[in-house]
Protein chains: 2
Amino acid sequence: MSVDWTSRYSRRLEWMTTSIIREILKSAQSPDVISMSGGWPDASLFPVDKLGELANYVMEEQPAASLQYGVTDGYIGLRQQLVDFSRENGIHAGVNNIAITSGTQQTLDLAGRLFLDEGDVVIVESPTFLGALQAFKAYGCKFAPVPVDDEGMCIDELETALKETKASFIYAIPNFQNPTGVTMSLERRKKVVELADKYGVPILEDDPYGLLRFDGEFLPSLFELDAALHPENAVASEHVTGNVIYASSFSKILAPGLRISWLVAPPSVKEQFIMAKQGADVQSNALAQAIASEFLRLGYMPDQLDRIREHYLVRCNAMCDAVDEILGDIVTYVRPEGGLFLWLELNCCLDTIELLKIAAKENVAFVPGGPFYTVPGVGKNTLRLSFATMDPDMIYEGIRRLRKAIDACSE
Amino acid sequence: MSVDWTSRYSRRLEWMTTSIIREILKSAQSPDVISMSGGWPDASLFPVDKLGELANYVMEEQPAASLQYGVTDGYIGLRQQLVDFSRENGIHAGVNNIAITSGTQQTLDLAGRLFLDEGDVVIVESPTFLGALQAFKAYGCKFAPVPVDDEGMCIDELETALKETKASFIYAIPNFQNPTGVTMSLERRKKVVELADKYGVPILEDDPYGLLRFDGEFLPSLFELDAALHPENAVASEHVTGNVIYASSFSKILAPGLRISWLVAPPSVKEQFIMAKQGADVQSNALAQAIASEFLRLGYMPDQLDRIREHYLVRCNAMCDAVDEILGDIVTYVRPEGGLFLWLELNCCLDTIELLKIAAKENVAFVPGGPFYTVPGVGKNTLRLSFATMDPDMIYEGIRRLRKAIDACSE
């Protein structure tokens, strides 16, 4: 008797879902399609020459660090660079607060592994990042969605959720949120950390886009605002404890194919992440860690960030202008101050999953907004556009095709 | 009220253990210690020049494939190369049978995620790879250990385990098993796949060392023997179904820091691995995948393998000779035909965890054997040595120091 595979999977499989994003990654590869769907950075901004140089350099000069097994915490050289890099960006932490992961998706998965039992509740922004929902759902959790308006998470609803659920943690993306592009205001940030502290609930702060700010003023992270609530928790440069796990990544600022992210957490919490990571993949790619470390050490990052910000500002403006001109009468949106995404709400009850089918015929793609919500049926008239990978002309043509699809769909 | 972290972890944390290997990786970094403890390949065998060349080449010529997001299944170029590479090594499979993972530890973790509910049973060789125990335990499973003798897994005990437990799968390392170095005989291999088929239980075949054979004859994998049982399952070059998930890796044949492994499974099973991997880390490092793909495509692997095998043969012989001369009166072992490890059983009831403390004073390190067993207290008088990373003189000196430690411990 051969193996009957379908009968052999764990119960967990019911909780696991395949991501609509994956299908989009596949369909977006046809050259005729103007795809505004991906969460991809622009490949033309990858500093290929510098990365090539550094790859050679680290393999020749540091073959052990770049090719051999290392410690699960991550390459110490990179973690030291991240101490300085974090400080420049307002996060004061020591090397014992920092662990390297294989992309933020892994940070989210490990957080689920460490904090979620079946039936536990995660408080999430509504809408929120699909990949986070996918990561947490694999552990059988439920979600308490808190609406996002143009200043970020709504505070009253957050407090209600904290009161009514024994939430395992709050998951938040304060900068240029995925998918809405919204920036959480300073006032809201302070309220979120105060409420988390009041109810003793951890915050998982996901910040892949924070350094892609091309407009408006820098705002402190939830991590730093929490630290400011409890100055006694910071001893020298290390956070002895605190309520926030901060996650960031090289994916959007350097290259996603490197799969290198990091987290900043109290040392005891970081140690649990490391234990979980040992079982999950032992360590992250050493070559990419060594390259990222040298990239920071040699001071290449400020120029790289300037280049990306300038580029994305032009494209964001082009997309906002095109939307104002072509879709102004039928959509509302919040102008993003950074990141990759523009979030549209249609002023009619069109289902954007249906719209996508029509749009495919017009050779234009986007991400329907519904899947970013944890409640079925909500957000049907929303959609996410990325402005990162196309020049302004193509953006204009993409929005024109989108209008055509909407009009065809509305008939 | 700040977060009380200790009260917030999932129940799963009780099942998760930190690996003794991790502590060893840390302690083995002192230059005075002759460490025979790691499972590390020899860094001097990394083809650094070729890897540097290829890193430059792929970033310049294929920036999207090497630095951008890609599909979760893995870079198609690498998967195509692995179809040919697998065929050369006796595994006939199509591209739809193959998925790339971030090291075999991730393959094991994903297998746990897909197949293990709390309380489920995994049949394992006894002793077996620590990392596998760690990966599976995180899902709350139990183990049914089947003894290994000098021909591999004992068949009667395997059948008893299959009868008495509703095992989720059999985990086996047929080539130069970690930790024992034992090669499963052809007869045993056939019996294992027949029994798995009889009871309808999947096999997870872990083969990181198969290509490091420096002595004896090539033996077919469990994957191929299973395919031979059911020729109707192979359509053209693809395995439509089958009972075996085969896992292998570039860690021991190229460089572990690249964190690139692969699995071969029926397409429906592979798809579930991909779904699980999406939530776990989206995709493996693209740069390393592109480098590995070019390394295979340019035909560099045969020379690389010849070099490694020659090297490890010399070292294995040196270690066996030294053990025969210095420890011959107090240990027994099976001479390995490949891989990295020599497994010693002391002919006395010395506890090798105690021995390690004495050995540390003598500046020599090894891995105590006990943790490789799933039953506490078993295998106390066993230990694992790696011959991979030292030249013959240092191996001799290491064994001499080990003898000194044993004598001191026995007093």
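The values are calculated or read from the model by the stated rules, or taken from the named source; none is laboratory data. Here the structure is a predicted model, which is why all the values come from computation and not from measurement. When we count neighbours, we look across all protein chains shown, and the Cβ atoms used for this are built from the backbone with ideal geometry, even at glycine. Just so you know, the surface numbers come from the protein's heavy atoms only, side chains and all, with ligands and any DNA or RNA stripped out. Shrake-Rupley method; radii C 1.70, N 1.55, O 1.52, S 1.80 Å.
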key: Euclidean distance of C-alpha centroids, the stretch A:129-168 and the stretch A:321-353, integer Å   = 24
ask   = Which of the pairs B:Lys380/B:Lys404; A:Lys137/A:Lys277; A:Lys137/A:Lys198; B:Lys137/B:Lys277 have their Cα atoms more than 21 Å apart in this structure?
value = A:Lys137/A:Lys198
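Net charge near B:Leu82: determine it from the other residues with C-beta under 14 Å of the C-beta of B:Leu82, scoring Lys and Arg +1 and Asp and Glu -1.
On the way: positive: B:Arg79, B:Arg87, B:Lys270, B:Arg297; negative: B:Asp73, B:Asp84, B:Glu88, B:Asp207, B:Glu238, B:Glu294.
The answer is -2.
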query = How about B:Lys252: which aspartates and glutamates have a C-alpha closer than 12 Å to its C-alpha, ignoring those fewer than 8 places off in the same chain?
reply = B:Asp42, B:Asp207
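Compute the semi-axes of the equivalent ellipsoid of the stretch B:86-224, taking the square root of 5 times each eigenvalue of the Cα gyration tensor, and list them largest first in whole Å. Kindly include the intermediate steps, with their values, before the conclusion.
On the way: eigenvalues 94, 70, 43 Å².
The answer is 22, 19, 15 Å, longest axis first.
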message = Would the stretch B:1-158 count as rounded, prolate or oblate if I go by the C-alpha gyration tensor, calling it rounded below 1.5 in a/c and otherwise prolate when a/b exceeds b/c, oblate otherwise?
response = rounded
Other-copy label distances relative to A:Arg297, 7 angstrom Cα-Cβ extension, nm = 3.1
remark   = Any residue on another chain or 5+ positions along whose placed amide H is under 5 Å from the amide H of A:Phe169 is listed here as A:Ile123
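Can you pull out the buried accessible area for chains A and B, both sides counted, probe 1.4 Å, rounded to the nearest 100 Å²? Kindly include the intermediate steps, with their values, before the conclusion.
On the way: alone 18130 and 18080 Å², together 28600 Å².
For chain A against chain B, roughly 7600 Å² becomes buried.
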task = Would you please give the residues with an amide H less than 5 Å from that of A:Ser249, counting only those at least 5 places away or on a separate chain, with H modeled from the backbone geometry?
result = A:Trp262
ask   = What percent do you get for the relative contact order of the stretch B:263-385 when only Cα pairs under 8 Å and 6+ apart count?
value = 17
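Taking square-rooted eigenvalues a ≥ b ≥ c of the alpha carbon gyration tensor, is chain A rounded, prolate or oblate, where a/c under 1.5 means rounded and, failing that, a/b exceeding b/c means prolate?
Values: a/c = 1.41, a/b = 1.25, b/c = 1.13.
Because its axes are fairly even, with a/c under 1.5, chain A counts as rounded.
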request  = Convert each backbone phi in the stretch B:242-250 into a coupling constant with the Karplus relation 6.51 cos²θ - 1.76 cosθ + 1.60 (shift: θ = phi - 60°), then list the ³J(HN,Hα) values in order as whole Hz, x for Gly and Pro.
outcome  = x, 9, 10, 9, 9, 10, 9, 7, 8
message = How large is the Kirkwood hydrodynamic radius of the stretch B:153-277, counting all unique pairs of alpha carbons, in Å?
response = 15.4
Convex hull (Cα only) mean projected area of the stretch B:250-373, reported in nm² to one decimal = 11.5
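Tell me the relative contact order for the stretch B:156-213 as a rounded percent, counting alpha carbon contacts under 8 Å between residues six or more apart. Mind dumping the intermediate values first?
Working: 51 pairs, mean separation 25.3, N = 58.
The value is 44 percent.
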Label 7 Å beyond Cα on the Cβ vector: A:Gly328 copy-to-copy distances, nm = 9.4
note = With the label set 7 Å along Cα→Cβ, A:Asp149 is separated from its counterparts in the other copies, in nm and shortest first, by 7.6
ask   = Per the 1.4 Å probe, what fraction of the accessible area of chain A, in percent, lies on carbon and sulfur atoms?
value = 52
ask   = Taking θ as phi - 60°, what are the ³J(HN,Hα) couplings along the stretch A:209-218 by the Karplus curve (6.51, -1.76, 1.60), each to the nearest whole Hz, with x for Gly and Pro?
value = 10, x, 7, 9, 7, 10, 7, x, 9, 3
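Apply the a/c threshold of 1.5 to the C-alpha gyration tensor of the stretch A:204-263 and tell me whether it is rounded, prolate or oblate. Don't jump to the answer; show the numbers that get you there.
Details: a/c = 2.88, a/b = 1.61, b/c = 1.79.
Oblate, because a/c is 1.5 or more while a/b does not exceed b/c.
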task = Calculate for chain A the 222 nm mean residue ellipticity that helices alone would give, adding -39,500 (n - 2.57) per DSSP H run of length 4 or more and normalising by residue count, nearest 500 deg cm²/dmol.
result = -13000 deg cm²/dmol
